[in-house]
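Report on the following structure.
The values are calculated or read from the model by the stated rules, or taken from the named source; none is laboratory data. What you see is a predicted model, and the numbers here were worked out from it, not measured in a lab. Cβ: placed from backbone, ideal geometry, glycine included. Neighbour counts: every protein chain shown. Side chains are part of the model used for accessible areas, which takes the heavy atoms of the whole protein and leaves out ligands, DNA and RNA. Shrake-Rupley method; radii C 1.70, N 1.55, O 1.52, S 1.80 Å.
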Amino acid sequence: MPQSVRSVRPNVPSQRLKMRRELAAAAMELFATKGYEETTVDEIAAAAGVARRTFFRHFRSKEEAIFPDHDDTLERAEAVLDAAPAHENPLDTVCRGIKEVMRMYAASPAVSVERYRLTREVPTLREREIASVARYERLFTRYLLGHFDESAVVHRDGDEDGPDEPLLAEVAASAVVTAHNHVLRRWLRAGGQGDVEAQLDRAFATVRRTFGTGFVAGRTVADPPDGSAGTIGAAGRRGEVLVAVARTDAPLDQVMRTIEEALRRD
């Protein structure tokens, strides 16, 4: 019956990822025992029990074999962005998305630690890793740029050019990725020990404090050059809410003046 045929049909994506991981495991073992330069694709394929052509169905080169999960993880991260609830701050969504990368590493600590050692020793592998990181940054930058609300931004007096949305999106995305990589490297250097997700949440808290208001309510405005007011304001569309954040040492009259100016702009 058709239903029974579907029930036994193999899960092709899962089989593909399984084969990629087996090839990667064989490659890592050979790199560790023989050395990266001395290892050939034929040897990797033989160690995994497959033909050379099978290797090239999954990877274009032997350095690519060291990162078998990144394509799949990138898709999962993108799925997190696509399914984000409408009320969620886009920066929080990006932080959740990159957790898929950390979970990939945390799923196999021993393999991740060995891969980290290899990438530190082999420049070609390190370059491949950097290229993989850049793919996540591009994904998150596009997402944040798509959620930038220019109409909700209060400009600093004299700033006629307005906000640089691409710059803000790129810097915020880079900050999330940098925070992730900082925690990941520290965890790998510790041998894959410890609650890495809790460490990651603490790092993301720092990123949110810096960029968290840049994509929904408004953009953080730098202190005036003379340092007089030190007040940050973010106004919504007419009839909505004005949010103002001030330094604790800012005089009350300056805080009130900033709020009044923001309301007049709206």
Quiz prompt | Added length on full extension, which subtracts the Cα-Cα distance from 0.36 nm per residue, ARG16 to ARG52 | solution = 11.4 nm
Quiz item: Leaving out same-chain residues fewer than 8 places away, which lysines sit with a Cα under 26 Å from that of LYS62?
Solution: LYS18, LYS34
Quiz item: Name the residues of the stretch 118-149 whose amide N is less than 16 Å from a point 7 angstrom out from the Cα of VAL171 along the C-beta direction?
Solution: 141, 144-145, 148-149
Practice problem: Could you order ARG60, ARG20, ARG186, ARG128 by accessible surface area, starting with the largest, using a probe radius of 1.4 Å? | Solution: ARG60, ARG186, ARG128, ARG20
